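Colleague: Below is the structure I would like to discuss, written out as structure tokens.
The values are calculated or read from the model by the stated rules, or taken from the named source; none is laboratory data. All of these numbers come straight from a predicted model, not from anything done at the bench. Here the Cβ is made from the backbone with ideal geometry for all residues, glycine too, and neighbour counts use every protein chain on show. Keep in mind that these areas ignore ligands, DNA and RNA; they rest on the heavy atoms of the full protein, side chains included. Shrake-Rupley method; radii C 1.70, N 1.55, O 1.52, S 1.80 Å.
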Amino acid sequence: MNPRRSSAAIVSVVLTGSLVGACGGEEQPAVCADVDALRTSLTALQAFDIYDTNVLSDLAVVLDGIRAEVQQLAEDSSTEYAEEIAVVHTSTDDLETSANAAVDAPTTANVATLADDVDAFTASFQELRAAVGDTC
């Protein structure tokens, strides 16, 4: 197997693990819909092959969507989940930086950094989802 494809598969597996479960039901607070929207964007992020040189602009659109969804979640939750959302914001910044670097130059080091940042983003999303879980 191509080492680049193997690294991309690792990133995909890490993201897949973060996407199990979300808010459900009717008449729920806006934060539940926001978490579901963010989860959907993470699913879209999985579809990208960072080794495709034509993907950067499309990847940027998904990452911009993620940033907008995190901002909407922050607005809808007021201060209730401020700590978790701050961590998600930071991990989103790191993910954007490493994704751009990996797309620009898919070196082993850049892909490893991207995988680490995906892991951190996944963990921050899981913490946020767990915090919101009782609300949803």
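Residues checked against (1) open to solvent by less than 70 Å² (accessible area, probe 1.4 Å); (2) more than 11 Å from the chain's Cα centre (by Cα); (3) at pLDDT below 75:
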{"position": "Glu27", "(1), (2), (3)": "no, yes, no"}
{"position": "Val31", "(1), (2), (3)": "yes, yes, no"}
{"position": "Arg39", "(1), (2), (3)": "yes, no, no"}
{"position": "Asp76", "(1), (2), (3)": "yes, yes, no"}
{"position": "Tyr81", "(1), (2), (3)": "yes, yes, no"}
{"position": "Val88", "(1), (2), (3)": "yes, no, no"}
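Colleague: When the residues of the range 41-53 are filtered to those that are open to solvent by less than 40 Å² (accessible area, probe 1.4 Å), assigned to a helix (DSSP H, G or I) and under 25 Å from Ala109 (Cα atoms), which remaining residue is modelled with the lowest pLDDT? So that I can check it myself, show each step before the final result.
Modeller: Here is the first cut: in the range 41-53, the ones open to solvent by less than 40 Å² (accessible area, probe 1.4 Å) are 41-42, 45, 50-51.
Then drop every residue that is not assigned to a helix (DSSP H, G or I), which leaves 41-42, 45.
Adding the requirement that they be under 25 Å from Ala109 (Cα atoms) leaves 42, 45.
Working: Leu42: 83, Leu45: 77.
By that ranking, first place goes to Leu45.
Colleague: Do we have any residue at all in the range 54-73 that's at pLDDT below 75, part of a loop (DSSP other than H, G, I, E, B) and either open to solvent by less than 40 Å² (accessible area, probe 1.4 Å) or more than 23 Å from Thr90 (Cβ to Cβ) (or both)? Spell out how you get there, then give the answer.
Modeller: Keep residues of the range 54-73 that are at pLDDT below 75, which gives 54-57.
Still in the list and also part of a loop (DSSP other than H, G, I, E, B): 54-55.
If we keep only those that are either open to solvent by less than 40 Å² (accessible area, probe 1.4 Å) or more than 23 Å from Thr90 (Cβ to Cβ) (or both) as well, we get 54-55.
Yes, the conditions are met somewhere in the range 54-73.
Colleague: A follow-up question, please. Being open to solvent by 10 Å² or more (accessible area, probe 1.4 Å), within 24 Å of Leu128 (Cα to Cα) and without any contact (Cβ under 8 Å) to a residue 60 or more places away in the chain is the filter here; which residues of the range 92-115 pass it?
Modeller: The initial filter retains those residues of the range 92-115 that are open to solvent by 10 Å² or more (accessible area, probe 1.4 Å), namely 93-94, 96-97, 100-101, 103-110, 112-113, 115.
Cutting the leftovers down to within 24 Å of Leu128 (Cα to Cα) gives us 93-94, 96-97, 113, 115.
Those that are open to solvent by 10 Å² or more (accessible area, probe 1.4 Å), within 24 Å of Leu128 (Cα to Cα) and without any contact (Cβ under 8 Å) to a residue 60 or more places away in the chain: Asp93, Asp94, Glu96, Thr97, Thr113.
Colleague: In the range 102-130, how many are assigned to a helix (DSSP H, G or I), farther than 15 Å from Leu38 by Cα and not charged (D, E, K, R)? Walk me through it before giving the result.
Modeller: Taking the range 102-130 as the starting set, the residues that turn out to be assigned to a helix (DSSP H, G or I) are 102-104, 108-130.
Checking the rest, the ones that are also farther than 15 Å from Leu38 by Cα come to 102-104, 108-117, 119-120.
Of the ones still in play, those that are also not charged (D, E, K, R) are 102-103, 108-115, 120.
Here the count works out to 11.
Colleague: Please work out if Ala99 is part of a helix (DSSP H, G or I), among the hydrophobic types (A, V, I, L, M, F, W, C) and within 17 Å of Val61 (Cβ to Cβ).
Modeller: Numbers: part of a helix (DSSP H, G or I): yes; among the hydrophobic types (A, V, I, L, M, F, W, C): yes; within 17 Å of Val61 (Cβ to Cβ): yes.
Yes, satisfied.
Colleague: Still on this model: Applying the selection to the range 88-110, what residues are closer than 15 Å to Leu45 by Cα and of a type in the set (A, V, I, L, M, F, W, C)?
Modeller: Leu95, Ala99, Ala102, Val103
Colleague: Next question. Taking Thr16 and the conditions (1) among the hydroxyl-bearing types (Ser, Thr, Tyr); (2) at pLDDT 85 or above; (3) open to solvent by 40 Å² or more (accessible area, probe 1.4 Å); (4) within 30 Å of Ala105 (Cβ to Cβ), which numbered condition does it fall short on, given that it satisfies the others?
Modeller: For Thr16, the exception is condition (2).
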